[in-house]
Amino acid sequence: MKSICSITNDGFFRLLLITSLVCGLEFCIASAFTYIPPILLKAGISESSMTWLMGCGPLLGFLLCPVVGHASDRCRSRYGKRRPFIVGFCLTIIFCLILIPQSEAIGTDDGLSLLVLTCILFDFAAQACFNPCESLIYDTCKGTSQESSCFFVYSFMTSFGGCLGYLITATDWSDSYLSYYMQGQEKLTFYVILFFFSITLCCTLISANEKISLYNDNLDEQVLINDVPIFHYLFPLQIVKFIFSSISTSIKTMLTMPLVLRRLTLAECCSWSAIMTFNLFFTDFIGQTVYLGDPSADELSEERQRYDQGIRAGSYGLLFHCVVGALYAPLLKPLINRFGIHLTFSFGMFTFACSMLVMYISRDIILINIMASLSGLGMASLTSIPYTLVMTYHANREIYFADNEFLQTRGIGTVLGILDSTYFASQILSSVIMGHIMLIFKSTLSYIVTSFILAICSICFINRIVTNRYQLQELLRNDR
């Protein structure tokens, strides 16, 4: 028993357990969203309408994620600041994972409406849950030997979760006994997702021993939770008033964010827009452009079978994308120490842009999947470097946030909420852009071209990111 306790108390092993939910979330997103676009297309939703629907979940996240971050900073539950929000989001995800594969059995109109609403809710909950997870990682590692490397482990776990997710979807289980028993590969996949996600949730909740404090850490928010009557929040009017007030404050904060965050979020927005356009629509591109399939064709037709084969082949490309990202993530810290943040971050996105260019030219599935794997360098950089910078900014907020007194008194959840809102904004941008582009060009090649252009733009903004106080002081002197 003592040996088990010593293992679980080890700093690095405990960090792996705490970040295991991040792995589970990415597993959900990677595997479920490989199936969700084809499921929506098979249900009769058009290509352009699907891209608009894929933007609804991120729109909710853009508006509510800073609210979640700020609320978790203020939460004084006996279960901790972050875990109540994690549990709430995860229960929503579990509910959606159960409903999505069952929507076809409810009926044509009702089933389609339920499918659309559940997909939107799942999209929001699965991605918004990253905010309290990121705050939990920061709270746990702050002041420890893992502080400087915790988000590189976070990046590794997200890529590893993606590896497992795409491996599940790339495997053809249609002839297996389990697939027959579960009435199809899609339903079987969703049950596997549900099982794995539940295990990672338990690992994180058990290993995260949050320190419970009655008082807030921030000077402007030293309020006991017991000072506010519970019944005050039971009325829908008060809840709506609180949400709208919080959204208004969050939007005001984003519009007046400090210089360092403006530059970081602009670079992150372009980078995420490029990568999310690729991740969301890559399998559809393979199915229609490379394999010449048709998702709207009859179930047993040759065009439909080619499309389904393309989806599985594209899943292997996304799998290799995550494998390379997971292998590259541990190398980022020594690379940054040697070459600096600007060059390391730019190299990742430049490799991604080159990969998109080759995909546009080639129709060879092997070469395309090799390029998809190399694009993982950009993903690994994007899931670690911005969060590491935010930790530096927040630890020295009297310097980096000198032009915004409001953020100087806020917790890490609020700042990460702003960063996560940029992630959601990039998805909204991708969905809106791709909806219009698909209506104009009517070709899945437009996904690849858009990713390439956005990646090139991101490199320009990455080189404007503030990485140290001396660079900030130089910028402020020039502004004067």
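For the chain, what is the relative contact order in percent, using Cα pairs closer than 8 Å and at least 6 residues apart in sequence? Show your work: numbers first, answer last.
On the way: 727 pairs, mean separation 129.3, N = 480.
Here the relative contact order equals 27 percent.
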log10 I(q)/I(0) for the chain, Debye formula on C-alpha points only (no solvent), q = 0.09, 0.10, 0.11, 0.14 Å⁻¹, two decimals, reads -0.60, -0.75, -0.91, -1.46
Going toward the positive end of the dipole of the chain, with +1 on Lys and Arg Cβ and -1 on Asp and Glu Cβ, which of P101, G317, I206 do you reach last? I206
Hey, if you put +1 on the Cβ of every Lys and Arg and -1 on every Asp and Glu Cβ in the chain, which of S159, S271, H394 ends up farthest toward the positive end of that dipole? H394
Just to be sure I understand the rule: take each whole DSSP H helix in the chain, project its Cα atoms onto its long axis, keep it if the span is 20 Å or more and its mean Kyte-Doolittle hydropathy is at least 1.6. Which ones pass? 83-99, 341-361, 445-462
With every protein chain present, what accessible area does E26 have (1.4 Å probe, heavy atoms only), rounded to the nearest 10 Å²? 30
Could you please put Y291, Y181, Y166, Y360 in sequence from largest to smallest accessible area, using a 1.4 Å probe? Y181, Y360, Y291, Y166
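If DNA, RNA and ligands are ignored and the probe is 1.4 Å, what is the ranking of L40, L17 by accessible area, most exposed first?
The most accessible residue leads, giving L17, L40.
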How big is the dipole moment of the chain about its Cα centre under a simple scheme where the beta carbon of each Lys and Arg is +1, that of each Asp and Glu is -1, and everything else is neutral? Debye, nearest 20, please. 1380
Using a 1.4 Å probe, what is the accessible area per residue for the chain, in Å²? 44
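Taking the Cβ-Cβ separation of S176 and N463 as r and a Förster radius of 41 Å, what is the calculated FRET efficiency to the nearest 0.05?
Working: r = 50 Å, r/R0 = 1.22.
The computed FRET efficiency comes out at 0.25.
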Cα-Cα over 24 Å: which of K142/K252; K142/K333; K42/K442? K142/K252
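Starting from 0.36 nm per residue, how many nanometres of slack lie between D364 and E405 once their C-alpha separation is accounted for? Provide the component values of the computation, followed by the final result.
Working: separation 41, 0.36 × 41 = 14.76 nm, distance 5.43 nm.
9.3 nm is the gain from fully extending D364 to E405.
If DNA, RNA and ligands are ignored and the probe is 1.4 Å, what is the ranking of K81, K42 by accessible area, most exposed first? Don't skip to the end; give the middle numbers.
Numbers: K81 30, K42 75 Å².
Most to least solvent-accessible, the answer reads K42, K81.
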With a 1.4 Å probe and all protein chains kept in place, how much accessible area does L259 have, in Å² rounded to the nearest 10? 30
Distance in nm between V87 and L476 label points, each 7 Å along Cα→Cβ, equals 4.3
For S176, what accessible area in Å² do you get when you roll a 1.4 Å probe over the heavy atoms of the protein chains, rounding to the nearest 10? 40
Whenever you get a sec, compute what percent of the accessible area on the chain sits on carbon and sulfur atoms (1.4 Å probe). 66
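The values are calculated or read from the model by the stated rules, or taken from the named source; none is laboratory data. Remember, predicted model here, so these are calculated numbers, not experimental data. When we count neighbours, we look across all protein chains shown, and the Cβ atoms used for this are built from the backbone with ideal geometry, even at glycine. We work out accessible area using only protein heavy atoms, side chains counted, and drop any ligands, DNA or RNA first. Shrake-Rupley method; radii C 1.70, N 1.55, O 1.52, S 1.80 Å.
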